[in-house]
Amino acid sequence: MIAILKYNAGNIRSVVNALHRLGVEPVLTDDAVELRRADRVIFPGQGEASVAMSYLREHGLDRVLLSLTQPVLGICVGQQLMCRSSEEGHCQCLGLFDVPVVRFRPADSSRQKVPCMGWNSLHELRSPLYDGVRDGEHVYFVHSYYVPLCGDTIATADYIQPYSASLHRDNFYATQFHPEKSGDVGQQILKNFLALQG
């Protein structure tokens, strides 16, 4: 069973549709038993970090996420909430990755717009999550905050400065970009996630 975490975040429907294209019927749930029983868990989202984090805590979903032992994929805000803290709402997050999330600070705001929105290329790919994906392939981003480069970085992107496009530690994987909106490349990444050894 593939579970998608149900919480107060947008963009979950597009993840469901992307999995349908791969022939997978996911379960959308916030039930702790179902999440722990799932073969894979996807933690997607768009929204404000501190609001989303408060919701997770109020519903005990932070503890559930921290307890999972199967492959977990955080997407966009999902990646950011898996980090130590976020400047968005100045909140403490799950701490699965020991790195802060910070806001883009362009040197020239007339040329470097925030949020970063659109297609950007991936580089320095180093994970089975990117099997069959070539360096320089383009994926779709929408974000005002980013994860700095760190020891858990498995793919990089560059907007204003280089940053972590993707992270991995233990059974936890994450992407700042939206694989479900990234065409064939994104489908390959989701397919790779579903094939990861638990």
Could you work out how much longer the chain between Q161 and H59 gets when fully extended? Use 0.36 nm per residue separation minus the Cα distance between them, nm to one decimal. 33.1 nm
Which trypsin sites (Lys or Arg not before Pro) from segment 127-198 combine a DSSP loop assignment with at most 14 other Cβ atoms within 10 Å? R134
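Out of the trypsin sites (Lys or Arg not before Pro) in segment 1-36, which ones are loop residues according to DSSP with at most 13 other C-beta atoms within 10 Å? Let's see the in-between values first.
Values: sites: K6, R13, R21, R36; in loops: K6.
The qualifying sites: there are none.
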Hz values of 3J(HN,Hα) by residue in segment 34-45 - Karplus curve (6.51, -1.76, 1.60), Gly and Pro given as x: 5, 5, 6, 7, 5, 6, 9, 10, 10, 10, x, x
Per residue, what accessible area does segment 81-196 have, given a 1.4 Å probe and all protein chains present, in Å²? 44
Taking placed amide H atoms and a strict 5 Å upper bound, the residues 5 or more places from G74 or on another chain that come that close are F43, Y173, A174, T175
If amide H atoms are modeled at 1.01 Å from N in the peptide plane, then the residues at a separation of 5 or more from V114, or on another chain, having amide H under 5 Å from its own are none
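With a 1.4 Å probe and all protein chains left in place, how much of the accessible area of segment 122-180 comes from carbon and sulfur atoms, in whole percent?
Details: 1040 of 2240 Å².
Reported share for carbon and sulfur atoms: 47 percent.
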For M1 and K113, calculate 0.36 nm times their separation in residues minus their Cα-Cα distance, and state this gained length in nm to one decimal. 36.3 nm
Inter-probe distance in nm under a simple model that places probes 7 Å from Cα toward Cβ, at Q70 and L22: 1.3
For C93, distant residues with modelled amide H under 5 Å away: S85, S86
Given the options E124, E58, E137, state which has the largest fluctuation in a GNM of the chain using a 10 Å cut-off (strictly under) for Cα springs. E58
Expressed as a whole percentage, what fraction of the accessible surface of segment 6-45 belongs to carbon and sulfur atoms when a 1.4 Å probe is rolled over the protein heavy atoms? 46
Extending each Cα 7 Å along its Cβ direction at D131 and E34, get the distance between those two points in nm, one decimal. 2.9
Most mobile listed residue (H59, H138, H168) in the chain, GNM with C-alpha springs under 10 Å: H59
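The values are calculated or read from the model by the stated rules, or taken from the named source; none is laboratory data. Values in this document were obtained by computation on a predicted structure and should not be read as measured data. FYI the Cβ positions are ideal-geometry reconstructions off the backbone, even for glycines, and counts take in every protein chain you see. What goes into the accessible areas is simple: the full protein's heavy atoms, side chains included, and nothing from ligands, DNA or RNA. Shrake-Rupley method; radii C 1.70, N 1.55, O 1.52, S 1.80 Å.
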